[in-house]
1. Say we look at the range 306-326 and pick out the residues that are part of a loop (DSSP other than H, G, I, E, B) and in contact (Cβ under 8 Å) with a residue 12 or more places away in the chain; which of these is farthest from residue 218 (Cα to Cα)?
2. Is the range 11-24 home to any residue that is in contact with a Pro (Cβ under 9 Å, 6 or more places away or on another chain), surrounded by fewer than 14 Cβ atoms within 10 Å (Cβ to Cβ) and either at pLDDT 95 or above or not hydrophobic (A, V, I, L, M, F, W, C) (or both)?
3. Please return the ranges of helices (runs of 4 or more DSSP H) entirely within the range 104-187 where 1 or more residues are touching an Asp or Glu at 6+ places or on another chain (Cβ under 8 Å) and within 24 Å of residue 326 (Cα to Cα).
4. List, please: which pairs have Cβ atoms under 7 Å, are six or more places apart or on different chains, and start with a residue in the range 63-81 that is in contact (Cβ under 8 Å) with a residue 60 or more places away in the chain and end with one that is aromatic (Phe, Trp, Tyr)?
5. Please work out which residue is modelled with the lowest pLDDT, limiting yourself to the range 146-163 and to residues that are among the charged types (D, E, K, R) and within 21 Å of residue 188 (Cβ to Cβ).
6. Looking only at residues in the range 267-305 that are part of a helix (DSSP H, G or I) and farther than 22 Å from residue 30 by Cβ, which one is modelled with the highest pLDDT?
7. Name the residues in the range 28-69 that are basic (Lys, Arg) and either closer than 20 Å to residue 95 by Cβ or assigned to a helix (DSSP H, G or I) (or both), would you?
Amino acid sequence: MAKRSLRLGVIGVGHVAQTNHLPALKKRRDAEVVAVCDDDADKVRLVAQHFGIPRTATDSEKLLRSDDIDAVIVATPNHLHAPMTIAALGYGKHVLCEKPPARNAAEAAQIAEAARRADRVLMYGMNKRFQSDVQVLRQYMARGEFGKIFYAKTGWLRRRGDARGPAWYDNKRSAGGGVLMDLGVQMLDLALWLLGNPTVASVSATKYAVDPRREVEDTMAALLVFENGASLSFDVSWALLLEKSFPYLNVFGTHGAALLKPFRIHKELGGKLLDVTPALDSPRNIYKQSYEAEIDHFLRCVTQGEAPMASAEEGLALMKVIDAIYQSAEARREVRLH
């Protein structure tokens, strides 16, 4: 007897769902999207028609009560991540929740507790972890090939005038913050994960609102110092006068260094600094590939019991650091976490 497909619902059919989640799931034979939900009735109807999805809803509770749904993807504005994820877990659904985990650590703690009680898979959608270049870099770091890592830097600097995103990005209640909750959460998670999730001892941060149309920060800079003595510098912006926008991540150790964009790995061998960058299998679109790999991993977690990357505990730890960054920027002083 053929094993049936995993049945999914998607809550929120905005850009990320339409561009990444739904196309990736459409390709699979082991999973089927049986329902989509959005408070915009016209949009959800058109999306369902486009992807051949049989059911629509404008009320997430109606979708979550369905017995024929095993798991859901929560791809809503940030203020709905906690209530919808907690509700889904309460109905016994496995959940892939888009980034950021929540608006703050208190909400992330509630989600983590709900996942523990429900004994269901909860995974956060940190798709950058699944990029092919990141996966190779992770292997190098796991083998200790760079020696002791003492410094890293990461960020995402976006040119002023580039796409602003949906209107709720600029609303503090909906988003929980500005660029830190959009671009920053992704790069900070990636850096901490690659570094092995070291304990953050202290944070010093500054923030700016260059664009008067925004009620949230559009530029943030921070320095994180770890208990092991290493440090991470971090900056993100929506508002810089740059020729082009770019994310970056650089790692420096006692025996070597790595740059993510462009991908470069250098090591000291025999007293000489050598470029040992491996050839990468270049997917047609590294962005879409990362979402496909993320969804593949989530489905394996549900069906085969793999431990989720970007777990509830990691999401909570990340949000504690983000809370500290905001606290430091508001108070204009160092904030100690440990």
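The values are calculated or read from the model by the stated rules, or taken from the named source; none is laboratory data. No experiment lies behind these values; they were computed from the predicted model shown. All Cβ positions, glycine included, derive from the backbone under ideal geometry; neighbour counts span all protein chains shown.
1. 308
2. Within the range 11-24 (the criterion being in contact with a Pro (Cβ under 9 Å, 6 or more places away or on another chain), surrounded by fewer than 14 Cβ atoms within 10 Å (Cβ to Cβ) and either at pLDDT 95 or above or not hydrophobic (A, V, I, L, M, F, W, C) (or both)), the answer is yes, since at least one residue qualifies.
3. So the answer is 105-118, 172-175.
4. That search, which allows pairs on different chains as well, returns 77/168.
5. Filtering the range 146-163 down to residues among the charged types (D, E, K, R) leaves 148, 153, 158-160, 162.
Subset that is within 21 Å of residue 188 (Cβ to Cβ): 153, 158-159, 162.
On the way: 153: 98, 158: 93, 159: 91, 162: 74.
If we take residues in the range 146-163 being among the charged types (D, E, K, R) and within 21 Å of residue 188 (Cβ to Cβ), then 162 is modelled with the lowest pLDDT.
6. 287
7. Pass one, the range 28-69, residues basic (Lys, Arg): 28-29, 43, 45, 55, 62, 65.
Selection gives 28, 43, 45, 55, 62, 65.
Residues checked against (1) touching a Lys or Arg at 6+ places or on another chain (Cβ under 6 Å); (2) surrounded by 15 or more Cβ atoms within 10 Å (Cβ to Cβ); (3) of a type in the set (Val, Ile, Thr):
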| site | (1), (2), (3) |
| --- | --- |
| 90 | no, no, no |
| 129 | no, yes, no |
| 156 | no, yes, no |
| 170 | yes, yes, no |
